[in-house]
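*Asks:* Have a look at this one before I ask anything.
The values are calculated or read from the model by the stated rules, or taken from the named source; none is laboratory data. Note that the coordinates shown come from a computational prediction; the quantities given were computed from them, not determined experimentally. Heads up, the Cβs are rebuilt from the backbone with ideal geometry, glycines too, and the neighbour counts pull from every protein chain shown.
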Amino acid sequence: MTSFLIMAAQSPGVYYAYESSDGVGKAIVIFLVLVGSVITWTVMIDKTIALYRAKRLSNRFDALFRKYGEENMMSLQLIREAERNSGPVAAIYSAGMDKLLEFYDMEAEKSGEYSPRGVPKVYKLSDAQYNAVEAVLEREISSQLKELETRIGLLATMVSLSPFCGLFGTVWGVMMAFCGVAIAGKADFTALAPGVAGALLTTVAGLIVAIPALIGYNWLSGVIRQLTVQMDNFTEEFLVAVKLAQVKVDSKAANSAERE
């Protein structure tokens, strides 16, 4: 993109069009090319790196949870990995586990003693407590989604704003060109061409910003949707694991009652 802008700036036609623009046209071109392009590419590069990292960390923790979570969702190894892992899925696990440990009145260091096959009756959750855990998970999903979508709105703004800025510059430039022709008192192409060229340059500048911003916005939004689905799926797996643990609590209680 930078090389394209340099080549465009070195083009005699582009330079002529820029020099033929008035102050308003030049200001719009400078704003779009320097400010708009910098914002667009900075956001796209930054969010690409951040989302790639979030997806990689989420996949890693998701795989670890499926490995250990079925037998022991409160495994100390899972809790420690969640502390080291800064991905959104690990954050959701940590939020849910903190609430569970609060209800179980258990410290994280002692969670390794937890075993679904030997869960004591004290670990039975009420419906209200289960709903509280679910609410915590949903709240953490919203928080992570908000973080993932940070600065994405800037791309959407540039997609909408850039063409309108270019259109405004074009309309302004054509208007000024016709005003110049009227003042000169002669309607020939030589008098009209400089103004029209400068006016059309703002449209080109607007498209230079809008097209990459549109592509980047759609692609990044797709990645965020994938992460959102992954977070939703993980939440369902977490809640299912909690329900299975509760079933085992009930089963053990029933067995104890029969033995008595």
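*Asks:* Residue pairs, Cβ under 7 Å, 6 or more apart or interchain, first in region 71-84 and over 23 Å from Val247 (Cα atoms), second at pLDDT below 80 and surrounded by fewer than 19 Cβ atoms within 10 Å (Cβ to Cβ). List them.
*Replies:* Hits for this filter: Gln77/Tyr68.
*Asks:* With the structure loaded, tell me whether Leu167 is surrounded by fewer than 17 Cβ atoms within 10 Å (Cβ to Cβ), out of contact with any strand residue (DSSP E or B) (no Cβ under 9 Å at 6 or more places or on another chain) and closer than 20 Å to Val29 by Cα or whether it fails that test. Spell out the reasoning first.
*Replies:* On the way: surrounded by fewer than 17 Cβ atoms within 10 Å (Cβ to Cβ): yes; out of contact with any strand residue (DSSP E or B) (no Cβ under 9 Å at 6 or more places or on another chain): yes; closer than 20 Å to Val29 by Cα: yes.
Answer is yes for this residue.
*Asks:* Sticking with this one: How about region 125-164: which of its residues are farther than 25 Å from Thr40 by Cα, over 23 Å from the mean Cα position of the chain (by Cα) and exposed (fewer than 14 other Cβ atoms within 10 Å of the Cβ)?
*Replies:* Within region 125-164, Ser126, Asp127, Ala128, Asn131 qualify.
*Asks:* Tally up the residues in region 114-129 that are at pLDDT below 80 and either over 21 Å from Leu76 (Cβ atoms) or assigned to a helix (DSSP H, G or I) (or both), please.
*Replies:* Qualifying residue count for the region: 7.
*Asks:* Also, I was wondering about something else. Name the residues in region 29-49 that are surrounded by fewer than 16 Cβ atoms within 10 Å (Cβ to Cβ) and touching a residue at least 60 places away in the same chain (Cβ under 8 Å), would you?
*Replies:* Applying the first criterion (surrounded by fewer than 16 Cβ atoms within 10 Å (Cβ to Cβ)) to region 29-49 yields 30, 34-35, 38, 42, 45-46, 48-49.
Asp46, Thr48, listed by residue number.
Yes/no per residue for (1) modelled with pLDDT under 85; (2) part of a loop (DSSP other than H, G, I, E, B):
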position	(1), (2)
Ala90	no, no
Tyr93	no, no
Met97	no, no
Met106	yes, yes
Gly112	yes, no
Asn131	no, no
Val136	no, no
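*Asks:* Exactly one of (1) outside any helix (DSSP H, G or I); (2) modelled with pLDDT of 90 or more; (3) not hydrophobic (A, V, I, L, M, F, W, C) is unmet by Glu70. Its number?
*Replies:* (2)
One line per residue, one yes/no per condition, for (1) touching a strand residue (DSSP E or B) at 6+ places or on another chain (Cβ under 7 Å); (2) at pLDDT 80 or above; (3) more than 30 Å from Ser75 (Cα to Cα); (4) surrounded by 18 or more Cβ atoms within 10 Å (Cβ to Cβ):
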site: Leu192; (1), (2), (3), (4): no, no, yes, no
site: Leu207; (1), (2), (3), (4): no, yes, yes, no
site: Ala210; (1), (2), (3), (4): no, yes, yes, yes
site: Ala213; (1), (2), (3), (4): no, yes, yes, yes
site: Gly216; (1), (2), (3), (4): no, yes, yes, yes
site: Ser221; (1), (2), (3), (4): no, yes, yes, no
site: Gln226; (1), (2), (3), (4): no, yes, no, no
site: Met231; (1), (2), (3), (4): no, yes, no, yes
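*Asks:* Conditions: (1) crowded, with 18+ Cβ neighbours inside 10 Å; (2) within 25 Å of the chain's Cα centre (by Cα); (3) not in a helix (DSSP H, G or I). Ser86 meets all but one. Number of the miss?
*Replies:* (1)
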